Structures are given as structure tokens and as C-alpha cells.
Amino acid sequence: MMRNKGGGSENILGKSIAIERLRAIVTKCANSNAPVLLRGQSGTGKELVSRALHDGSQRAPHPFVAINCGAIPDQLLESELFGHRKGSFTGATCDRKGRFELAQMGTLFLDEIGDMPSQLQVKFLRVLEEKVVEPVGGGAEIRVDVRIIAATHRNLEEMVSEGKFREDLLYRLNVLPISIPALDQRSEDIPGLLAHFADIFGADDEKITFSKRSLLLLQAYSWPGNVRELANFVQRFSVLYPGKIIEIARVPDDFLTKELIELVQLYEVPTGNEGDVKSVGFNDEADVTDGSQQSQLSQEYEIENDATQGLDLYDNDFEQIIELSNSMSELPAEGVSTKELLNNLEANLIRTALTQTDGNVSKASELLQLGRTSLIQKITKYQLVKD
């Protein structure tokens, strides 16, 4: 996900069903004053969603204030949230407003709420219930009107059972729960996100693009760092190879994760009489000097890629194997290689799943009800991907 100009749920990019659902619930929840609890892996865009909730609400003209509860030492977090009075502790040379006061009439986003210290959770719960804050060092209480949006990548229910998070605080925060999908759950959004970040990190005439083969590899990749990792990935190549067509199979291993290297090996680039993929990027012999040459090379690649799509790479004969096994009233005298028969069946099921999902390993693993790592191992075992 990435932030567009404008406000509300339009800031959340993507065309997948998961993102459409997310936009819909953000739109419904935006104008409520009820607390929101955002859940999702690190890098999925929780702060972006919180800003979309703020921008789409009546509080949009007022401040949006964010704080990461895990990034501030425990002894300073209370002062950051509630403010402090002059002389309340060493270094407090003047009165200072806390984030609650700074967010008055607006929205306070508390990222990584699961990292909030236990003793501070009690004071935070009081603020939620009574709408007043007491600065460190005492003095008059301050009434606040702030909408709370909290976020976490942790399992707060487990933390409650372990005594690390207050159950009553969880109930107060979890009024409007919103789950943010991981990037590997919406791989169809990856090409659009790659293009979006290429626009951000590249000048008009120096924006990188990715070959079709590379797009398939990047859609099959699990992206453990989610959108944040994808943005860094595009920025890296935008700096190193501006204006190039990136062919991941030719990228030095130093620039790739272990999983991407393994995927490149699975989807090995054909050589010899199978044809050579002509693309630029990380290829000293194919340096692009002008736009027309780059366009020509891009067209050559796309023609070759389209041609390979017509090859009969995945013969679908597993139905014949099933029919043969069902129709056997007795085994032949020479016997049957059960192991070979089952291996053939498994290999053809995997071929069919890969064909049906356009080579997307994550989606194929869901169809086959196999773990993603197990599927990759079986693809290697049966040498299924040669193109």
C-alpha cells in the first residue's frame, strides 16, 4: 500500500479483493469516534491505514499525531504521552505537552501498542475511560478529545493469557478491529506497487521497469517485510540502475534474499537453443544508452516471452492416471511401480496448479494444500520449471 494525494480510503492502493475489503471497512469506520485496533505484520501499512481513517473523518482538519510505543524507552514514554511539568524529573526544564494534548480534536495513533509497559497500560486505560490526562509531575488534569487508533503485529490475546497485556485494555481498544493483509496474500497487487514505487524513486526518464519473468518471480516471492520491503527493493534498483529493465535472473546474489535466489534457480532462464532472454539491467553487455534501444530490447523480450507461453510445458495427464488406477481389476504380471505412479500423479497435480495460477507458487500451494516451502522442494525434486 501507498499513500495517494487526497484523503480517506483512496490512499490505500491495490485492486485485490483483500484491499477492496480493507478500503470498504476503512470507509465505514472513518467517521466513528470508537477506538480502532489495527492488526497486521510489520511493513503492511498500519500507519497508512490509520491516516486514511483520520483523513476520511470529521477530525481531518485537526492534528494526526503518531507515536511508536516500542521505539521510546519505558521511562520516557509516559512523558511523551501525557506531558510533564517543569522540574518533574532531571532534564525537565520547562512544561511540555504530551501527544494527547497535541492531538486535541484529532487522532492519536499508537503503533506497537503491545510494547507499552504494564504500569503505563493502567494510566492509558484511565485516559480512555475518563478522557483526562495527568502530566508527569502533577498539576491540574487536562480534558482531551482524541480518537485512539492502536496497532500491533503481536497476538494480544496470547499476551493477555501470559499476563503481559491487560485484558480490560484490550477490550477497550478492540472496538473496531481491522486486519491488514500481508503482501503475499494479495500478490496480484505486486506489479502495480512495483510501478508505483518506480514512479516515486525514479526521474521521468529514469524509471526502472521489470521484465515479465521478473514480475512472475516477484509475485511468487513471500515478501516477509511486506510493502516496506518492496519499496526498499525498488529504491535500491532505482538508485543503482536507473532507467533499466530489471531481469531478476541476472541480478547479483548480493542484492537478493535467499528465497529470491532459490526462486531464480527454480525459474531458470533458458539457454542455448531454447532461446536467450534479452533484457537489460545488471548486464554489462546490454547497457542502454537511449530510450529507443531500451524500448526495442523490451519489445524483443516480450515477443520471446509470449512465444514461450504457447509451449506445452505442463501436460495434464493426472486424470488418466486416476482412471487407470480405478479401472484395474488386477495388477499386471510384471507388477506396477507404485512409487513411480504416485510420483507422476503428484508431479502432474503440481504442474496443473502452477499452470492454473500462472506460476504463482503461493497460490499453487493453497490449491494443493501444501506448505509453500514443501511445494518449492517438490518443484525442484520433479524438475518441473525449466522455462
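Okay, here's what the table says:
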| item | result |
| --- | --- |
| Enumerated helices (runs of 4 or more DSSP H) restricted to the range 152-263, each holding at least 3 residues that are basic (Lys, Arg), on the phi < 0 side of the Ramachandran plot and buried (at least 20 other Cβ atoms within 10 Å of the Cβ) | none |
| Qualifying residue in the range 109-129 (condition: under 19 Å from Leu53 (Cβ atoms), free of Cβ contacts under 8 Å to residues at least 60 places away in the same chain, assigned by TED's automatic domain parsing to the domain that holds Pro73 and not in a strand (DSSP E or B)) | yes |
| Among (1) at pLDDT 95 or above; (2) over 22 Å from the mean Cα position of the chain (by Cα) - the single one Ile178 does not satisfy | (2) |
| Hits in the range 180-231 - residues which are acidic (Asp, Glu) and free of Cβ contacts under 8 Å to residues at least 24 places away in the same chain | Asp199, Asp204 |
| Pairs, first outside the structural domain of Asp189 (by TED's automatic domain parsing) in the range 26-52, second outside any loop (DSSP other than H, G, I, E, B) and hydroxyl-bearing (Ser, Thr, Tyr), C-beta under 6 Å, six or more apart | Val26/Ser9; Thr27/Ser9; Arg39/Ser179; Ala52/Ser9 |
| Sole exception among (1) hydroxyl-bearing (Ser, Thr, Tyr); (2) crowded, with 20+ Cβ neighbours inside 10 Å; (3) over 21 Å from Thr27 (Cα atoms) for Ser118, by number | (2) |
| Inter-residue pairs, beta-carbon under 6 Å, first closer than 13 Å to Val227 by Cβ and in the range 5-20, second hydrophobic (A, V, I, L, M, F, W, C) and at pLDDT below 90, 6+ apart | Ile12/Met1; Leu13/Met1; Leu13/Met2 |
| Filtered residues of the range 130-163 (kept if farther than 20 Å from Pro63 by Cα and either within 27 Å of the chain's Cα centre (by Cα) or not assigned by TED's automatic domain parsing to the domain that holds Pro73 (or both)) | Thr152, His153, Arg154, Asn155, Leu156, Glu157, Glu158, Met159, Val160 |
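The values are calculated or read from the model by the stated rules, or taken from the named source; none is laboratory data. For clarity, every value in this text was computed on a predicted model and none was experimentally measured. Glycine also receives a Cβ, built like all others from the backbone with ideal geometry; neighbour counts cover every protein chain displayed.
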